[in-house]
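Engineer: Here it is: the structure, laid out below.
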Amino acid sequence: MRKILLVEDEKIVAYDIKMILSTMNRIVTRVASSGKEAIDMVAAERPDLILMDISLSGEYDGIQTAEFITRDHDIPLIYLTAFADEKTLERAKRTEPMGYLLKPFNETELKTNVEIALYKREIAERYREKELWLSSTLALAGLGIIKTTADDRVVFMNDVAETMCGAPLEECREKTLSDLCSFKDEGADASRPLAELYDQGQRVLELVNAGGAVFPVMFAAHTVEEIDTGRTRIYLLEDLTKKREAEQAIWSTRNLLEQTFHILHDALVIMDDQFRMIDVNPAAEKLFGYTRQALLGSPVFMLWKPHKDTTTNATEIERVLETRAFMRRHEMEMSKQNGERFPVEFTLAPLSKKDDSIYGWVLFVADSSERKMYERKLEMAKEQAEAANRAKSEFIANMSHELRTPLNSIIGMTDLTLETELTPDQRESLEIVRHSSHSFLQLLNTILDFSKIETGKIELEEIEFDLPGLVRDTMKVLKVQAMKKNLSFSTDIASDVPRWVIGDPLRLNQVLINLVGNAIKFTESGFTRLTITTDPEEENESRLLFRVEDSGIGIPPEKLSRIFDSFKQLDGSTTRKYGGTGLGLTIAKRLIELMNGEIWVSSVPEKGSVFSFALPYRKGKGAGSRKKPEKRKLPGGVALSLSLI
């Protein structure tokens with residue numbers, strides 16, 4: 001169906017025209033009563049012809065409306081007008097209308113003009129389609145086409161030929177082809193006369209254009225007799241540069257593959273779709289002990305069994321085929337020609353066509369005998385090292401137990417003696433003995449805990465306990481140290497932290513003592529603070545977030561990665577000044593990980609550190625959220641923010 005848009009603001013006139021057009025074959029007429037409506041309808045429906053009232057009333061007259069439409073759309077236009085002065089006609093010409101119809105016009109005039117306009121549009125569209133097809137075909141073919149007269153003067157050349165000759169058609173007209181370029185045999189110095197090349201079929205020559213560029217071309221020259229112009233010649237040129245480059249790339253790739261195939265240290269076996277060997281590399285001959293001729297045409301499964309027994313025993317290969325586990329390493333045993341079995345790593349890969357159908361297989365085989373030997377030695381060395389480490393840890397644990405027995409006796413006897421009447425010098429000496437004994441006991445306890453963790457003998461409890469109560473009791477132990485150094489010391493527990501939780505209170509207490517104790521030890525002035533909240537970043541798991549902050553000496557950035565290593569402190573001066581074994585943070589980290597938690601640290605030298613750790617938790621039977629936090633004072637004036645059920 002052909003679509004016509006009638007733009008007419010007089011309803012009676014529009015109705016009459018639409019009725020006339022309705023009698024025409026395969027025509028659909030739409031009516032717009034204003035310029036804006038016409039512009040919208042053209043954009044939406046793309047009609048084949050527009051009948052435009054030149055004197056259209058409204059925001060846009062007919063000419064303005066046509067200017068808007070023809071600016072974006074190539075649609076034939078016929079103006080309808082009762083009168084038109086010179087100025088109006090000059091304006092209308094800018095829109096290149098196909099014609100004018102003067103009102104009043106009869107039915108024949110209207111139909112005739114419409115049919116002519118539609119016919120011209122159809123012819124123009126066909127011409128454009130053929131022109132586009134011819135232009136696209138020549139461009140896609142990549143052929144340079146040159147047409148000359150009988151004496152070789154250029155009449156026509158396409159874009160490809162212009163590029164080859166190095167000049168546009170306008171500059172080449174009436175020049176001979178020899179003026180634009182010359183042709184010579186590959187590797188030759190002298191050019192070939194064109195007369196020798198007429199009607200000689202295709203041949204490869206070198207083209208030298210006006211710019212001096214030289215490149216290979218497929219050349220053909222044909223003589224054509226035309227009725228109107230007489231004898232002409234058609235030259236067809238195909239630039240072979242990219243084709244030669246592609247051939248060179250293919251050769252280089254093939255050469256690379258062939259060299260790789262022969263120098264590869266691993267065995268490479270190529271098979272057809274029936275797993276018959278069609279090629280093997282020298283490494284495969286060496287690995288299996290067969291010659292290449294002995295392997296070609298044989299089933300690959302002979303490499304699984306000695307040569308006298310070629311029954312298929314390809315369990316591993318069959319498993320790879322069933323699971324399609326291609327391009328992965330697999331392990332199995334294969335056989336040499338002499339029957340020797342040896343371990344290998346192999347990879348099986350299919351050779352596929354474009355339609356994904358498989359026409360062959362590639363098998364890569366690497367002898368893993370040496371690797372297996374080293375793995376066995378490494379495993380034995382590992383087991384020996386682990387046994388030695390366990391023996392060391394057990395020895396340390398036993399020695400710690402043995403040392404604690406007499407040490408407890410020393411502490412006990414010292415305490416009893418201190419309760420008797422003593423001279424000031426005697427009391428001072430015994431206080432030193434007691435202090436040193438307690439320090440020694442603490443050191444032994446630390447080493448014992450570390451050895452338990454190392455040997456895997458530490459066990460975790462799963463009991464319900466009062467978390468705020470545990471924190472309160474733990475802080476009582478540490479408050480004296482903070483008070484002696486005049487530090488601000490606080491503990492804050494968020495209101496949504498449950499009171500009753502299930503876990504190991506003893507190990508949590510040990511972690512808190514280590515971290516808070518360190519914070520106090522390495523802080524000379526300022527504050528230490530413990531904060532407990534629920535972890536807001538975890539949606540799928542309930543976790544408690546503990547933060548131990550201080551304003552102490554801090555940790556240099558280069559030492560942060562080693563801060564949790566065993567027996568590590570910042571440097572020797574830290575050990576001399578503050579004491580300790582360097583195991584506290586290691587033990588804390590191991591205990592937190594045993595409780596399925598994680599620990600991390602951030603620090604600024606001379607500003608302080610923040611040790612944070614997160615632990616998963618389950619609420620106890622009496623657990624619940626505490627609505628209002630209740631401030632309590634621990635003995636010694638230490639503030640503790642608690643929310644009790």
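Engineer: Right, GLU196: outside any loop (DSSP other than H, G, I, E, B), charged (D, E, K, R), under 20 Å from ASP239 (Cβ atoms) and open to solvent by 30 Å² or more (accessible area, probe 1.4 Å) or not?
Structural biologist: no
Engineer: Conditions first: (1) closer than 24 Å to GLU225 by Cβ; (2) open to solvent by 40 Å² or more (accessible area, probe 1.4 Å). LEU169 passes all but one, so which condition is the exception?
Structural biologist: LEU169 satisfies every listed condition except (2).
Engineer: In addition: Quick one: how many residues across segment 355-408 are within 26 Å of THR446 (Cα to Cα), surrounded by fewer than 11 Cβ atoms within 10 Å (Cβ to Cβ) and among the small types (Gly, Ala, Ser)?
Structural biologist: Total satisfying the criteria: 3.
Engineer: Report yes if ILE63 is over 15 Å from LEU6 (Cβ atoms), hydrophobic (A, V, I, L, M, F, W, C) and buried (at least 17 other Cβ atoms within 10 Å of the Cβ), otherwise no.
Structural biologist: Judged against the criteria, ILE63 is a match.
Engineer: Do you know which of the residues in segment 199-209 that are part of a strand (DSSP E or B) and not aliphatic (A, V, I, L, M) is least open to solvent (accessible area, probe 1.4 Å)?
Structural biologist: ASN209
Engineer: Sticking with this one: If only one of GLU225, GLU174 is charged (D, E, K, R), open to solvent by 90 Å² or more (accessible area, probe 1.4 Å), closer than 24 Å to ALA150 by Cα and not in a loop (DSSP other than H, G, I, E, B), which one is it?
Structural biologist: Only one candidate passes the filter, namely GLU225.
Engineer: Can you tell me which residue among GLY636, GLY624, GLY620 is open to solvent by less than 80 Å² (accessible area, probe 1.4 Å) and modelled with pLDDT of 55 or more?
Structural biologist: GLY620
Engineer: Then there's this: Does GLU238 satisfy the condition of being part of a helix (DSSP H, G or I) and open to solvent by 50 Å² or more (accessible area, probe 1.4 Å)?
Structural biologist: no
Engineer: Could I ask something else about it? What number of residues in segment 18-51 are of a type outside the set (Asp, Glu), open to solvent by 40 Å² or more (accessible area, probe 1.4 Å) and under 50 Å from the mean Cα position of the chain (by Cα)?
Structural biologist: The total comes to 5.
Engineer: In this structure, does ILE317 turn out to be surrounded by 13 or more Cβ atoms within 10 Å (Cβ to Cβ), among the hydrophobic types (A, V, I, L, M, F, W, C) and modelled with pLDDT under 90?
Structural biologist: yes
Engineer: Going through segment 1-16 one residue at a time, which ones are of a type in the set (A, V, I, L, M) and either touching a helix residue (DSSP H, G or I) at 6+ places or on another chain (Cβ under 7 Å) or surrounded by fewer than 19 Cβ atoms within 10 Å (Cβ to Cβ) (or both)?
Structural biologist: If the condition is that a residue be of a type in the set (A, V, I, L, M) and either touching a helix residue (DSSP H, G or I) at 6+ places or on another chain (Cβ under 7 Å) or surrounded by fewer than 19 Cβ atoms within 10 Å (Cβ to Cβ) (or both), then MET1, ILE4, LEU5, LEU6, VAL7, ILE12, VAL13 are the ones that fit.
Engineer: Something else now. Does LEU5 fit the bill of being within 21 Å of GLY99 (Cβ to Cβ), outside any loop (DSSP other than H, G, I, E, B), in contact with a Lys or Arg (Cβ under 7 Å, 6 or more places away or on another chain) and not aromatic (Phe, Trp, Tyr)?
Structural biologist: So LEU5 passes the test.
The values are calculated or read from the model by the stated rules, or taken from the named source; none is laboratory data. A quick note: this is a predicted structure, and the numbers were derived from the prediction, not measured. All Cβ positions, even for glycine, are placed from backbone atoms using ideal geometry, and neighbour counts span all protein chains on display. Each accessible area value is taken on the protein alone, full model and side chains, heavy atoms only, with ligands, DNA and RNA left out. Shrake-Rupley method; radii C 1.70, N 1.55, O 1.52, S 1.80 Å.
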